[in-house]
1. Which of the residues belonging to region 101-111 are surrounded by 13 or more Cβ atoms within 10 Å (Cβ to Cβ) and either under 21 Å from Val66 (Cβ atoms) or charged (D, E, K, R) (or both)?
2. Name the residues in region 33-53 that are touching a strand residue (DSSP E or B) at 6+ places or on another chain (Cβ under 8 Å), in contact (Cβ under 8 Å) with a residue 40 or more places away in the chain and not hydrophobic (A, V, I, L, M, F, W, C), would you?
3. Out of all the residues in region 111-139, which are hydrophobic (A, V, I, L, M, F, W, C), closer than 13 Å to Phe178 by Cα and not in a loop (DSSP other than H, G, I, E, B)?
4. Looking at region 123-138, I want the residues that are of a type in the set (D, E, K, R) and have a partner that is surrounded by 21 or more Cβ atoms within 10 Å (Cβ to Cβ) with Cβ atoms under 6 Å, at least 6 apart or on another chain. Which pairs are those?
5. Checking Thr28 against (1) farther than 15 Å from Ser103 by Cβ; (2) not hydrophobic (A, V, I, L, M, F, W, C); (3) not in a loop (DSSP other than H, G, I, E, B): exactly one of these is not met. Which one?
6. Only one residue in Phe87, Phe108, Phe98, Phe47 is within 18 Å of the chain's Cα centre (by Cα) and more than 22 Å from Arg18 (Cα to Cα), so which one is that?
7. Residues being without any contact (Cβ under 8 Å) to a residue 60 or more places away in the chain and among the charged types (D, E, K, R): count how many of those fall in region 1-32.
8. Taking region 165-180 as the region of interest, how many residues are surrounded by fewer than 19 Cβ atoms within 10 Å (Cβ to Cβ) and modelled with pLDDT of 95 or more?
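The values are calculated or read from the model by the stated rules, or taken from the named source; none is laboratory data. Here the structure is a predicted model, which is why all the values come from computation and not from measurement. Backbone-built Cβ (ideal geometry, glycine too); neighbour counts: all protein chains shown.
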Amino acid sequence: MTTLTDAERNELLARARRAGAIALGIPTPISVPRAPSGRLAEPGMSFVTWKSDGRLRGCIGSVEPVRPLWADVEANAVHALLEDPRFPAAAPDEFPHFRVDISVLSPFVPVSDPLAAVEVGVHGLLVELGRRRGILLPQVAVEWGWDVPTFLGQACRKAGLPESAWRGGGPLADVSTFTAEVFGEAGG
């Protein structure tokens, strides 16, 4: 995964903020290039996280690189504001208090021995079994102080599976790792 430049990071943050404002009907002076280039024009996967006073307010992302990274960030910014099932849709008067973080994901790497392969603070997890899927960003385990087994169990739980599904004892979930380039607005 190629590291984004500061200019690319700033453009993605501006795009997320602009897309959110437009979705909420808020006039915005933020302008962004019409035709992004370089890494932003390549297919990519991202998660966009909105926080208010440091607390999660919405987080939605993609696990397939089906559109340019810039478009993925814009779409996820809007979905995280309006469609995260854990929260009511954001209201325009809340928006000025929100700060945005973006996680640009690397490709997923299937692992056969999760205990040996997963490093807290470096890897995120994708756990899948049948139609069930749970994903946790690398920063989640650090924020919660989880060790590797707890992180794996919580990813299974997010998928709606037993916390032990990563190690067997029943149907064995597929586990993949990924890394993420994480950046955000100041003050969040």
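1. Answer for region 101-111, where residues must be surrounded by 13 or more Cβ atoms within 10 Å (Cβ to Cβ) and either under 21 Å from Val66 (Cβ atoms) or charged (D, E, K, R) (or both): Asp101, Ile102, Ser103, Val104, Leu105, Ser106, Phe108, Val109.
2. Selection gives Gly44, Ser46, Thr49, Lys51, Ser52.
3. Hits for region 111-139 are Val111, Ala117, Leu125, Leu126, Val127, Ile135, Leu136.
4. That search, which allows pairs on different chains as well, returns Arg132/Ala159; Arg132/Leu161; Arg133/Ala159.
5. Thr28 satisfies all of (1) farther than 15 Å from Ser103 by Cβ; (2) not hydrophobic (A, V, I, L, M, F, W, C); (3) not in a loop (DSSP other than H, G, I, E, B) except (3).
6. Phe108
7. 4
8. Within region 165-180, residues that are surrounded by fewer than 19 Cβ atoms within 10 Å (Cβ to Cβ) and modelled with pLDDT of 95 or more number 2.
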